[in-house]
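K.L.:
What follows is a structure written as structure tokens; I'll ask about it next.
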């Protein structure tokens with residue numbers, strides 16, 4: 001049964017919340033500014049609770065099951081994170097309070113900056129960026145500011161492997177650079193020869209996701225980085241896939257100049273059905289002065305009696321602010337909690353088990369699904385969701401059929417360089433039993449594709465709704481259950 | 001801790017893969033950089049972690065203990081218990097972006113309802129699924145205006161009475177576009193009428209942005225300005241505090257092309273500045289040019305009503321460098337929280353809370369204006385914030401207030417040098433009459449100390 005919208009449920013005169021009676025005399029309302037009508041629904045608290053509870057029950061979630069969505073790092077989100085983020089001293093701190101009254105918030109941010117520096121191998125970190133894409137924009141604007149500060153205004157080319165996330169080219173365009181795509185070679189690495197042909201004095205930099213979206217660590221990484229540096233360019237590391245490296249290798253050590261971290265992926269903060277994320281940016285020494293701010297610094301050193309005083313400082317050549325206030329603080333608390341609990345050994349285990357799980361799953365599927373780049377993978381791998389002997393079956397059909405087996409499908413049709421891509425990232429929090437069950441489902445679907453292809457074409461069968469008409473949605477464009485003026 | 005494997009299972013898995021040990025899986029990483037010793041503290045148990053974070057949080061004196069009269073873009077409001085109870089449900093909290101609609105109808109319908117509620121509140125036709133915060137929503141309005149005119153109009157005229165941090169964020173976003181510049185926001189012009197922006201508006205103006213109520217809490221009639229903006233063919237962008245629209249005429253009624261704003265006031269905790277909610281609403285004619293996700297209604301194969309992400313050809317994962325923006329992750333959970341908040345309060349509750357803020361702020365302003373040495377800086381109508389000229393520096397006054405357990409207002413001197421010794425107070429439904437009286441008494445003590 002379809003759940004009605006809050007507008008359809010509305011019953012005139014109902015109200016779900018009671019405010020205290022006014023304790024001050026009423027002031028005259030501002031003439032000419034008072035609105036005449038406000039078309040919001042009228043519901044009781046019970047109505048609202050039941051409605052949104054019903055809606056929640058239509059969702060698949062990490063708490064409910066396996067979510068092997070490639071490139072999204074859908075790991076389990078520890079429940080304690082939700083408790084710490086809601087501690088009253090954090091949840092009720094106003095961002096513009098005098099710094100003396102928010103030393104707890106600032107201390108947490110300072111330590112998180114230090115930890116992220118250490119984990120990534122960077123000299124400076126800004127916690128300000130709100131999400132991965134904003135971290136990318138921040139990083140690329142830093143590259144731009146760096147070149148300009150040296151009078152190097154001719155550098156307008158940004159190299160992007162053809163396996164890159166869509167945010168990379170979109171970000172590059174927003175930062176005013178020209179996008180130069182780089183092909184991927186037969187082993188899944190950046191094509192070094194093509195890269196070298198672009199290494200001249202118009203090169204601003206390279207945006208590199210490593211491991212890349214095929215789940216492969218670039219075998220020529222050091223040569224790639226050196227070539228870009230030699231030409232005077234900088235290397236941006238997209239930290240979307242840091243889950244493969246955390247505790248195992250530090251991007252800064254590998255020569256990456258600037259990188260964003262996805263706290264909502266690697267550091268286990270929940271994705272919330274679309275956000276919030278948090279995308280802090282780490283930079284090497286030569287870029288620290290360009291970071292967006294404010295940053296948290298010690299403004300008065302500790303003494304024997306007193307802890308240090310933390311304050312907010314703007315770097316001297318900052319690219320500016322990228323949002324209001326200081327970052328997604330509530331998300332920072334969750335990431336801090338997580339790192340605090342894992343420590344260096346726990347973090348290393350994250351990457352180790354993420355990579356173990358991916359390779360184990362791959363070993364079970366290889367042979368039944370074709371693997372375009374046959375190498376040891378990192379935290380994820382990409383299969384082709386098609387077979388020559390049943391050409392009518394597409395990756396989409398396999399993805400939809402997985403829902404009937406109780407699993408969230410992998411990312412499909414990305415990366416673009418693999419036909420009918422199925423991009424699978426199991427993460428470290430999944431047990432062998434879960435991986436086995438998932439592999440069994442995929443193997444069963446491979447059989448069904450031959451024996452009963454229609455069952456895939458018609459899938460899913462057991463979900464709250466079946467395949468939806470996306471063409472109709474875009475053509476008829478109903479974006480609102482209530483039309484102003486009606 | 002959150003990794004379930006036993007030693008035996010690891011052994012079996014390695015065997016299936018065909019390697020001896022886990023380290024063998026990392027051969028592609030240059031050996032000299034493999035397995036660094038990280039210098040961070042050893043991991044703690046959940047009990048120890050909670051204890052430690054509890055202590056850190058208690059090093060703050062938050063609005064939980066202090067009486068708050070601080071606003072300036074982040075407001076101390078009450079969040080009904082139902083809001084948090086619902087957004088904590090794992091089915092909402094731990095779901096990804098709804099790319100697979102068959103198993104994401106909950107998130108999709110909730111966003112659809114959010115779009116509808118914000119459209120109703122702002123008087124606009126279309127609302128997207130959210131931006132990071134109010135500042136970035138304004139910056140994205142700039143990006144949209146740039147694309148709307150295909151880069152041919154190079155000026156953004158912005159009122160100096162738009163939140164200073166929003167203007168800074170807009171400038172950062174525009175730094176990648178060589179041709180674009182922001183003008184009109186000289187801080188000394190804060191006492192000018194909005195129409196005075198006309199001097200900056202010409203045929204090269206892509207957008208004109210004002211705030212309503214403005215950064216100082218003032219409510220202006222923007223209809224004369226709107227006429228000028230549209231005569232020049234530019235886009236009229238209005239930054240709002242959505243809670244004020246429970247009482248005030250929505251910008252859709254005075255010609256806004258885009259309404260952006262900070263949704264924190266709709267049921268989100270202060271949380272030291274984030275995560276908040278960037279609201280972005282516009283008219284149907286611009287829908288293909290806006291950034292961010294949109295949810296549309298459709299039907300499934302059996303004709304049942306359902307929802308999907310739509311017009312995705314605007315977005316980065318399809319259009320790549322030609323996308324309308326790079327945004328991917330947004331503030332989904334915060335949008336959900338505000339949708340729950342608006343559904344609970346409804347038309348009567350939102351009007352009530354807006355009126356409570358209004359009346360209490362006016363009571364406070366009137367009383368403070370009567371204290372010798374203090375004066376209201378502006379005479380225009382205002383919503384729940386107002387500017388007071390003080391007899392001494394705002395930092396001295398705020399220090400004194402803090403001794404009384406009161407969190408004073410925002411010191412305007414740094415952003416607006418001519419407003420040195422001026423403070424911006426915010427009053428909400430959280431402030432009782434006794435608290436306001438206590439504020440006045442403490443302020444009076446400061447003026448007597450002179």
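The values are calculated or read from the model by the stated rules, or taken from the named source; none is laboratory data. As the structure is a computational prediction, the values presented were derived from the model and not from experiment. Note: ideal-geometry Cβ built from the backbone for every residue, glycine included; neighbour counts use all protein chains shown.
K.L.:
Check whether at least one residue in the stretch B:325-334 is at pLDDT 95 or above, within 7 Å of another protein chain (Cβ to nearest Cβ), in contact with a helix residue (DSSP H, G or I) (Cβ under 6 Å, 6 or more places away or on another chain) and crowded, with 24+ Cβ neighbours inside 10 Å, and report yes or no.
P.N.:
Yes; the residues of the stretch B:325-334 include at least one that is at pLDDT 95 or above, within 7 Å of another protein chain (Cβ to nearest Cβ), in contact with a helix residue (DSSP H, G or I) (Cβ under 6 Å, 6 or more places away or on another chain) and crowded, with 24+ Cβ neighbours inside 10 Å.
K.L.:
Could you grab me the full set of residues in the stretch B:194-208 that are touching a strand residue (DSSP E or B) at 6+ places or on another chain (Cβ under 7 Å) and part of a helix (DSSP H, G or I)?
P.N.:
B:194, B:197, B:200
K.L.:
Give the stretch A:116-134 a look and list any residue that's within 9 Å of chain B (Cβ to nearest Cβ) and more than 16 Å from the chain's Cα centre (by Cα), or say none.
P.N.:
Matches in the stretch A:116-134: A:118, A:119, A:121.
K.L.:
Condition check: outside the structural domain of residue B:242 (by TED's automatic domain parsing) and either touching a strand residue (DSSP E or B) at 6+ places or on another chain (Cβ under 9 Å) or in contact (Cβ under 8 Å) with a residue 60 or more places away in the chain (or both). Does residue B:128 satisfy that?
P.N.:
No: the conditions fail for residue B:128.
K.L.:
Something else: Sort through B:394, B:427 and tell me the only one that's crowded, with 18+ Cβ neighbours inside 10 Å and out of contact with any helix residue (DSSP H, G or I) (no Cβ under 9 Å at 6 or more places or on another chain).
P.N.:
B:394
Rundown of residues vs (1) more than 30 Å from residue B:284 (Cα to Cα); (2) assigned by TED's automatic domain parsing to the domain that holds residue A:359, yes/no style:
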position	(1), (2)
A:437	yes, yes
A:449	yes, yes
A:453	yes, yes
A:457	yes, yes
A:462	yes, yes
A:465	no, yes
A:481	no, no
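K.L.:
Tell me yes or no: at least one residue of the stretch B:43-56 is part of a loop (DSSP other than H, G, I, E, B), more than 7 Å from every other protein chain (Cβ to nearest Cβ) and under 44 Å from the mean Cα position of the chain (by Cα).
P.N.:
Yes, the stretch B:43-56 contains a residue that is part of a loop (DSSP other than H, G, I, E, B), more than 7 Å from every other protein chain (Cβ to nearest Cβ) and under 44 Å from the mean Cα position of the chain (by Cα).
K.L.:
Something else about it: Looking only at the stretch B:321-344, count how many residues are in contact (Cβ under 8 Å) with a residue 24 or more places away in the chain and part of a helix (DSSP H, G or I).
P.N.:
Going through the stretch B:321-344 one residue at a time, the tally reaches 13.
K.L.:
Still on this structure, I have one more. Take the stretch B:63-75 and flag every residue that is touching a strand residue (DSSP E or B) at 6+ places or on another chain (Cβ under 8 Å), part of a loop (DSSP other than H, G, I, E, B) and facing another protein chain (nearest Cβ under 7 Å).
P.N.:
B:63, B:70, B:72, B:73, B:74
K.L.:
Now for a separate question. For residue A:304, all conditions in the list (1) closer than 22 Å to residue A:121 by Cα; (2) modelled with pLDDT under 95 hold save one; what is the number of the exception?
P.N.:
Result: residue A:304 passes all but (1).
K.L.:
Then there is this: Restricting the search to the stretch A:214-231, which residues are assigned to a loop (DSSP other than H, G, I, E, B) and either modelled with pLDDT under 95 or in contact with a helix residue (DSSP H, G or I) (Cβ under 8 Å, 6 or more places away or on another chain) (or both)?
P.N.:
A:215, A:217, A:218, A:220, listed by residue number.
K.L.:
For the stretch A:260-274, state whether one or more residues are touching a helix residue (DSSP H, G or I) at 6+ places or on another chain (Cβ under 8 Å), more than 7 Å from every other protein chain (Cβ to nearest Cβ), over 25 Å from residue B:88 (Cα atoms) and not in a loop (DSSP other than H, G, I, E, B).
P.N.:
Looking through the stretch A:260-274, at least one residue is touching a helix residue (DSSP H, G or I) at 6+ places or on another chain (Cβ under 8 Å), more than 7 Å from every other protein chain (Cβ to nearest Cβ), over 25 Å from residue B:88 (Cα atoms) and not in a loop (DSSP other than H, G, I, E, B).
K.L.:
I would also like to ask the following. Regarding the stretch B:25-32, can at least one residue be identified that is more than 7 Å from chain A (Cβ to nearest Cβ) and in contact with a strand residue (DSSP E or B) (Cβ under 7 Å, 6 or more places away or on another chain)?
P.N.:
Within the stretch B:25-32, not a single residue is more than 7 Å from chain A (Cβ to nearest Cβ) and in contact with a strand residue (DSSP E or B) (Cβ under 7 Å, 6 or more places away or on another chain).
K.L.:
Among the residues of the stretch A:50-70, which ones are free of Cβ contacts under 8 Å to residues at least 60 places away in the same chain, crowded, with 18+ Cβ neighbours inside 10 Å and facing chain B (nearest Cβ under 7 Å)?
P.N.:
Passing the criteria: A:52, A:55, A:56, A:61, A:63.
K.L.:
Then there is this: Going residue by residue through the stretch B:306-320, is there one that turns out to be in contact (Cβ under 8 Å) with a residue 24 or more places away in the chain, within 21 Å of the chain's Cα centre (by Cα) and either under 27 Å from residue B:206 (Cα atoms) or facing chain A (nearest Cβ under 10 Å) (or both)?
P.N.:
Taking every residue of the stretch B:306-320 in turn, none turns out to be in contact (Cβ under 8 Å) with a residue 24 or more places away in the chain, within 21 Å of the chain's Cα centre (by Cα) and either under 27 Å from residue B:206 (Cα atoms) or facing chain A (nearest Cβ under 10 Å) (or both).
Quick grid of which residues meet (1) assigned to a helix (DSSP H, G or I); (2) within 9 Å of chain B (Cβ to nearest Cβ); (3) surrounded by fewer than 24 Cβ atoms within 10 Å (Cβ to Cβ); (4) without any contact (Cβ under 8 Å) to a residue 12 or more places away in the chain:
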| site | (1), (2), (3), (4) |
| --- | --- |
| A:137 | yes, yes, no, no |
| A:155 | no, no, yes, no |
| A:172 | yes, yes, no, no |
| A:194 | yes, no, yes, no |
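K.L.:
May I ask you to list pairs of residues, at least six apart or on different chains, whose Cβ atoms are under 8 Å apart, with the first in the stretch A:298-313 being over 20 Å from residue A:96 (Cβ atoms) and the second being modelled with pLDDT of 95 or more and surrounded by fewer than 10 Cβ atoms within 10 Å (Cβ to Cβ)?
P.N.:
Here the result reads A:308/A:301, each pair linking the stretch A:298-313 to a residue that is modelled with pLDDT of 95 or more and surrounded by fewer than 10 Cβ atoms within 10 Å (Cβ to Cβ).
K.L.:
Among (1) more than 7 Å from chain B (Cβ to nearest Cβ); (2) surrounded by fewer than 22 Cβ atoms within 10 Å (Cβ to Cβ), where does residue A:25 come up short?
P.N.:
That leaves (1) as the condition not met.
K.L.:
Given (1) farther than 18 Å from residue B:95 by Cβ; (2) touching a residue at least 60 places away in the same chain (Cβ under 8 Å); (3) surrounded by fewer than 21 Cβ atoms within 10 Å (Cβ to Cβ), identify the lone condition not met by residue A:418.
P.N.:
(3)
K.L.:
Additional query: I need every pair where a residue in the stretch B:77-95 that is more than 7 Å from chain A (Cβ to nearest Cβ) has its Cβ under 6 Å from the Cβ of a residue that is assigned to a helix (DSSP H, G or I), sequence separation at least 6 or different chains.
P.N.:
B:77/B:265; B:83/B:337; B:83/B:340; B:83/B:341; B:87/B:333; B:87/B:336; B:87/B:337
K.L.:
What tally of residues in the stretch A:323-344 results from selecting those that are in a helix (DSSP H, G or I) and either closer than 30 Å to residue B:139 by Cα or in contact (Cβ under 8 Å) with a residue 60 or more places away in the chain (or both)?
P.N.:
Count: 13.
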